[in-house]
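This is the structure, below, for whatever I ask next.
The values are calculated or read from the model by the stated rules, or taken from the named source; none is laboratory data. Everything numeric in this text was worked out from a predicted model, so none of it was measured. Areas reflect the complete protein model, heavy atoms only, side chains present, ligands, DNA and RNA absent. Shrake-Rupley method; radii C 1.70, N 1.55, O 1.52, S 1.80 Å.
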Amino acid sequence: MQSLERLKPLALLLLRWGLAIIFIFHGYPKLFTHTQQAMQAFVHAGFPSYFVYIAGAIEFFGGCLLLVGLFTRIAGLLLAGEMAVALWRVHLPQGGVMAVPNYELPMTLMIAAFALAVLGGGLLSLDHALFRGGRSTPRRPKTKDRE
């Protein structure tokens, strides 16, 4: 088990990269190329058309943050929340819980993004380099107390 534990940084890196590719791929068209078609789909699903910009920004920029491992926990939480809404409001109504093919991708993305929100970006991330293991503020150099 120790040998598998040593692979944890690589596993988190690959998880981040895999999710980043998927979210960037789905967010980019919402913002830059197929915005009108996405708006029509959102309206058809019962959302206001401007939600396309919110979803596109969360997916595209959240994916970019996951790619480099910056603010991984926040990005993971936002992406997991977005996938929870997509699962609940769009995919499950298309056939219920027995129609697994209707919701397997958003469910997997939601769980994986939530795992990154809980675990953080790992050793191979900007979070670790800048914030020393996922803290929200950079570490300050230790100084001697003057009393």
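Give the Cα extents of segment 23-110 along the principal axes, in whole Å, largest first.
For segment 23-110, the Cα spread along each principal axis is 37, 28, 17 Å.
Roughly what angle does helix 51-68 make with the longest principal axis of the chain, taking Cα atoms, 0 to 90 degrees, to the nearest 10?
Tilt relative to the chain: about 30 degrees.
Does the chain come out rounded, prolate or oblate, given a ≥ b ≥ c as the square roots of the eigenvalues of its C-alpha gyration tensor, rounded meaning a/c under 1.5 and, failing that, prolate meaning a/b above b/c? Let's see the in-between values first.
Working: a/c = 2.62, a/b = 1.81, b/c = 1.44.
The shape class here is prolate.
Ignoring ligands, DNA and RNA, what percent of the accessible area of segment 81-131 is carbon or sulfur (1.4 Å)?
On the way: 2200 of 2880 Å².
Carbon with sulfur: 76 percent of the solvent-accessible area.
Using each residue's phi in segment 23-36, evaluate 6.51 cos²θ - 1.76 cosθ + 1.60 at θ = phi - 60° and report the 3J(HN,Hα) Karplus result to the nearest Hz, with x for Gly and Pro.
5, 5, 4, 8, x, 4, x, 5, 8, 10, 10, 10, 4, 5
I've got another one for you. Calculate, for the chain, the solvent-accessible area per residue in square angstrom, rolling a 1.4 angstrom probe over the heavy atoms of the protein chains.
On the way: 9790 Å² over 147 residues.
Result: 67 Å² per residue.
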